[in-house]
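Novice: One structure is given below, represented as structure tokens, and several questions about it will come after.
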Amino acid sequence: MAIIKVQKGTKDILPDEMPIWHFMEQKALEVFSKYGAREIRTPIFEATELFARGVGDTTDIVNKEMYTFEKSERSLTLRPENTAGVVRAFIENGMHRLSAPVKLWYKGPMFRYERPQAGRQRQFHQVGVEVFGIKQPSADAEVIMMAVDYLKALGLNDLTVELNSLGCPSCREEFKRHLKDVIRPYLPQLCEDCQNRFEKNPLRLLDCKSPECQEIYAKPEIQKVIQGDFICEECSNHFEELKKYLDILGVKYERNKLLVRGLDYYNRTVFEIKSNNLGSQNAVCGGGRYDSLVKNLGGEDTPAIGFAMGMERLAALIGDKLDEHLTAYVISNNTEEALKLTEELRNNGISAEFDLTNKKFVKQLEKASKVAKYALILGEDEIAKNEITVKNLDTSEQKTVSRQNLNELKCMII
Ligand code: ATP
Ligand code: MG
């Protein structure tokens, strides 16, 4: 009988890959909790209208990429992203009554009907943050910091933060008008998507991936409009303030005036974080401010800002770098002492094992150097003196510590 295969654009995450996924999930909890963010899990399907209104019906996501189906005469959609769902939950559960800022984070699968390729799947995972209730640029800085901190915690460095301001609805109108005016003469030469976007969402023209369109947008008269500073004084102050905070925090960024982001709801700050080590799908994080979305979805007027990261792309970057070694391997021919020490280490949050079969010392050392970072040696001498010899299995350095003082040992090996 023919075997049934996994669907195009979807993947099994097999046991060998799980350590990376656990690592990404644990670090998310760890890092975002430090900022006072709490996890939220919303359903995987929602009313189609939530995304039409919440993501925007001029976006690629809503126009081309949604998995929509009917059930009991209701139109439902598998979530293509999680901001709309989190905002719905925020409104429905009266979270605007909580004291601001309300910081939420999430992780989970998203679904987009796209052409599968490296770094692009139809079911993929995102981890993200949404911060509600603060209009000041300090919130923008903190959200960007959360993203940067998380990436650092994953051991990812070779990344660039790109930053832009889209202005507010009023100054953006002016920009759109100028942009349309300079692009209009080239309209017949643009790709079909851009011809459609021209009236509905001219900012998205800048986001077009077609080289022919990009060549047109590189023309001097068009660049002059793009590179010109269109944003109003208030928006400009917001942006300058944010940049000042990022400078103070030592976050490096680049201004990218072509950065408009795919979703309709952004205003003022938008940002992307790109890897210098991925192919063409190099964006690992996208985010921005969306001050009108809560109100547009029927809630109280609440400013908000957030980001989402693609976990498959993070996993590709983490790759083999993940260190799965135990922290400690206890070496002893005294099973009772080895048992006690190993248990004590585990109770102190240190991963540890010992040889359950009580093999010769050399064999135990061989095993230790394969599976652990440190060998903790409890020979007859050490047991008599109530000491432990700690051997760094990378450098072969050795030091003796008192068995009494686990803190000293902890400082050495964690
Ligand atoms: P792109 O321009 O690459 O399509 P996007 O603007 O659609 O990106 P967002 O909606 O901002 O992406 O999603 C945030 C992040 O989620 C992206 O930066 C990326 O890492 C990841 N992502 C988006 N779509 C996919 C996909 N189909 N497969 C895997 N990861 C994805
Ligand atoms: Mg996309």
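Novice: As an exercise: evaluate Ser292 against (1) closer than 23 Å to Ser99 by Cα; (2) under 13 Å from the mean Cα position of the chain (by Cα) and give the number of the one condition it does not meet.
Specialist: (2)
Novice: Also: With respect to Lys200, is the statement that it is surrounded by 14 or more Cβ atoms within 10 Å (Cβ to Cβ) and either β-branched (Val, Ile, Thr) or over 30 Å from Asn277 (Cα atoms) (or both) true? Break it down into steps so the answer makes sense when it comes.
Specialist: Working: surrounded by 14 or more Cβ atoms within 10 Å (Cβ to Cβ): no; either β-branched (Val, Ile, Thr) or over 30 Å from Asn277 (Cα atoms) (or both): yes.
No; evaluated as a whole, the condition is false for this residue.
Novice: For segment 362-414, enumerate the residues that are of a type in the set (A, V, I, L, M, F, W, C), surrounded by fewer than 17 Cβ atoms within 10 Å (Cβ to Cβ) and under 37 Å from the mean Cα position of the chain (by Cα).
Specialist: Selection gives Val371, Cys411, Met412, Ile414.
Novice: Next question, about the same structure. Checking the conditions here, which among Ile44, Ile40 is over 17 Å from Leu156 (Cβ atoms), open to solvent by 50 Å² or more (accessible area, probe 1.4 Å) and of a type in the set (Val, Ile, Thr)?
Specialist: From the options Ile44, Ile40, the qualifying one is Ile44.
Novice: Cβ-Cβ under 8 Å, sequence separation 6+ or interchain: first residue in segment 363-388 and within 14 Å of Asn334 (Cβ to Cβ), partner charged (D, E, K, R) and outside any helix (DSSP H, G or I). Which pairs?
Specialist: Hits for this filter: Gln364/Asp355; Leu376/Lys391; Ile377/Lys391; Asp381/Glu387; Glu382/Arg403; Asn386/Arg403; Glu387/Arg403; Ile388/Arg403.
Novice: Out of all the residues in segment 1-37, which are open to solvent by 30 Å² or more (accessible area, probe 1.4 Å) and of a type in the set (Gly, Ala, Ser)?
Specialist: Listed by number, the residues that qualify are Ala2, Ser33, Gly36.
Novice: With (1) among the hydroxyl-bearing types (Ser, Thr, Tyr); (2) within 27 Å of Ala89 (Cβ to Cβ); (3) more than 16 Å from ligand 2 (Cβ to nearest atom); (4) open to solvent by 30 Å² or more (accessible area, probe 1.4 Å) as the list, and Ser170 as the residue in question, which single condition is left unmet?
Specialist: The one condition Ser170 does not meet is (2).
Novice: For segment 250-268: of the residues being of a type outside the set (Lys, Arg) and more than 14 Å from ligand 1 (Cβ to nearest atom), which is nearest to Gly85 (Cα to Cα)?
Specialist: That would be Asn267.
Novice: Just one of (1) more than 16 Å from ligand 2 (Cβ to nearest atom); (2) open to solvent by 40 Å² or more (accessible area, probe 1.4 Å) trips up Val294, so point out which.
Specialist: Only one criterion is unmet by Val294, namely (2).
Novice: So Glu233 clears everything in (1) over 22 Å from Tyr265 (Cα atoms); (2) loosely packed, with under 13 Cβ neighbours inside 10 Å except one condition, right? Which one?
Specialist: Just one mismatch for Glu233, condition (1).
Novice: Moving to a separate point now. Mind checking which pairs have a first residue in segment 202-213 that is free of Cβ contacts under 8 Å to residues at least 24 places away in the same chain and a second that is surrounded by fewer than 17 Cβ atoms within 10 Å (Cβ to Cβ) and not acidic (Asp, Glu), Cβ under 6 Å, 6 or more apart or different chains?
Specialist: Once the first residue is free of Cβ contacts under 8 Å to residues at least 24 places away in the same chain and sits in segment 202-213, its partners that are surrounded by fewer than 17 Cβ atoms within 10 Å (Cβ to Cβ) and not acidic (Asp, Glu) give Ser210/Cys191; Cys213/Cys191.
Novice: Moving on. Which fully enclosed strands (runs of 3 or more DSSP E) of segment 1-106 have 1 or more residues being in contact with an Asp or Glu (Cβ under 9 Å, 6 or more places away or on another chain) and in contact (Cβ under 8 Å) with a residue 12 or more places away in the chain?
Specialist: 74-78
Novice: Is it true that some residue in segment 268-284 is aliphatic (A, V, I, L, M) and within 18 Å of Lys180 (Cα to Cα)? Break it down into steps so the answer makes sense when it comes.
Specialist: Within segment 268-284, the subset aliphatic (A, V, I, L, M) is 270, 273, 278, 283-284.
Next, only the ones that are within 18 Å of Lys180 (Cα to Cα) stay: none.
No; the residues of segment 268-284 include none that is aliphatic (A, V, I, L, M) and within 18 Å of Lys180 (Cα to Cα).
Novice: Have a look at Asp301, Asp207 and point out the one that is acidic (Asp, Glu), surrounded by fewer than 21 Cβ atoms within 10 Å (Cβ to Cβ) and away from ligand 1 (no atom under 16 Å from the Cβ).
Specialist: Values: Asp207 fails: away from ligand 1 (no atom under 16 Å from the Cβ).
Among Asp301, Asp207, only Asp301 is acidic (Asp, Glu), surrounded by fewer than 21 Cβ atoms within 10 Å (Cβ to Cβ) and away from ligand 1 (no atom under 16 Å from the Cβ).
Novice: Still on this structure: Do we have any residue at all in segment 138-161 that's of a type in the set (Val, Ile, Thr), over 25 Å from Glu46 (Cβ atoms), in contact with a Pro (Cβ under 9 Å, 6 or more places away or on another chain) and at pLDDT 95 or above?
Specialist: no
Novice: Do you know which of the residues in segment 116-137 that are more than 9 Å from ligand 1 (Cβ to nearest atom) and not in a strand (DSSP E or B) is least open to solvent (accessible area, probe 1.4 Å)?
Specialist: Pro137
Novice: Okay, next question. Mind listing whichever residues of segment 344-361 are surrounded by 13 or more Cβ atoms within 10 Å (Cβ to Cβ) and assigned to a helix (DSSP H, G or I)?
Specialist: Residues satisfying the conditions are Glu344, Leu345, Arg346, Phe361.
Novice: A further question on this structure: What residue, among those in segment 99-115 that are away from ligand 2 (no atom under 16 Å from the Cβ) and within 22 Å of Leu76 (Cα to Cα), is surrounded by the most Cβ atoms within 10 Å (Cβ to Cβ)? Before the answer, list the steps.
Specialist: Step one: list which residues in segment 99-115 are away from ligand 2 (no atom under 16 Å from the Cβ), which gives 99-108.
Those left that are additionally within 22 Å of Leu76 (Cα to Cα): 106-108.
Details: Tyr106: 23, Lys107: 20, Gly108: 16.
Applying the filter and picking the extreme gives Tyr106.
The values are calculated or read from the model by the stated rules, or taken from the named source; none is laboratory data. Everything numeric in this text was worked out from a predicted model, so none of it was measured. In this analysis, Cβ positions are derived from the backbone assuming ideal geometry, glycine residues included, and neighbour counts consider all displayed protein chains. The area values use the complete protein model at the heavy-atom level, side chains included, leaving out ligands, DNA and RNA. Shrake-Rupley method; radii C 1.70, N 1.55, O 1.52, S 1.80 Å.
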